[in-house]
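Have a look at the structure below, then the notes.
Read the figures in this text as sums done on the coordinates, not as results from a lab. In this text the structure is predicted, and so the values were computed from the model without any measurement. Positions of Cβ are backbone-derived with ideal geometry, glycine not excepted, and every protein chain shown enters the neighbour counts.
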């Protein structure tokens, strides 16, 4: 009993901070989304679901941001997960320069989003960027593109940046999962005459469900609340071509001072995140 009280006292500051700065502010934001709060005055009057209805039925920019957020999440995660698995398998096969490649995969993880955004804006620059200059050097000038400054290519540029930023993370998680497969299982498969391809397809890859679920959860959470990279590279433009929920929420709240609408967008993001987090927690509790 005494030990339980001591543990509770140690956890109490963290619990209070979470209650105050997470749940209380989330509740306050949810309440603000039901009000007519504009400008720096008070909350205004209660309008119910009007802010949400307007967002989903009348606000083209919000609808575009929601679609772009889903596209960014689907494309980025759909490529990053298989790419990470392939890289991890190559590392497990013992390719030459294994330590060097492991270092290469770690480098993007060490960069902050601000540094990554600055670097990629410079690389994607239409006239002076590294990518277009390299294409010109290879006599492939016809392939040069405006990249981030094009309304038809800005989302593609963001997807490439996110894949680069997180593929190393997926690789390392998968590599840890592959390395944890028990050797006696692999030895038994070898005795049974399983080929190298069969070993990976029938044993190792099916055992990577937990790493896959973990990567999927974390990448989804990042992609739904992403702000830094998008804001610092495209700013949501040109036009609304790369607008996502987080950048549009900032624009509505602090450029237009429509705080109730901004709170509604934030609560939509919270609900989307909760729909991802709750199944993950249930899955983890079930497998514990």
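Estimated from the Cβ-Cβ distance and a Förster radius of 45 angstrom, the FRET efficiency linking residue 60 and residue 103 is about 0.50.
If a/c stays under 1.5 just call it rounded; otherwise compare a/b with b/c (prolate if a/b is bigger, oblate if not). Do that for the range 228-283, with a ≥ b ≥ c from the square roots of the Cα gyration tensor eigenvalues. Cα axes put the range 228-283 in the oblate bin.
At a Förster distance of 30 Å, what's the computed FRET efficiency of residue 128 paired with residue 29, Cβ-Cβ distance as r, to 0.05?
Values: r = 42 Å, r/R0 = 1.40.
Plugging the Cβ-Cβ distance into 1/(1 + (r/R0)^6) gives 0.10.
Helical content of the chain, expressed as a calculated mean residue ellipticity at 222 nm, amounts to -22000 deg cm²/dmol (DSSP H runs of 4 or more residues, -39,500 (n - 2.57) each, divided by residue number, nearest 500). Within the range 143-169, whose backbone N sits under 14 Å from a point 7 Å along Cα→Cβ of residue 67? Residues 152, 155 qualify, since their backbone N sits under 14 Å from the label point. Each label point was placed 7 Å from the Cα along the Cα-to-Cβ direction; for residue 183 and residue 198 their separation is 2.3 nm. Fully extending the segment from residue 137 to residue 115 would add 5.3 nm, taking 0.36 nm per residue of separation and subtracting the current Cα-Cα distance.
The order of the peptides 116-128, 261-273, 225-237 by mean Cβ neighbours within 10 Å, most packed first, is 261-273, 225-237, 116-128.
In percent, how large is the relative contact order of the chain, given Cα pairs closer than 8 Å and 6 or more residues apart?
Across the chain, relative contact order equals 29 percent.
Taking 0.36 nm per residue of sequence separation and removing the Cα-Cα distance, the residue 149/residue 176 pair yields an extension gain of 5.9 nm. Can you pull the percent of Cα pairs in the range 33-287 with separation above 35 Å? Everything past 35 Å amounts to 31 percent.
The calculated FRET efficiency for residue 20 paired with residue 270, based on their beta-carbon distance and R0 = 25 Å, is about 0.90.
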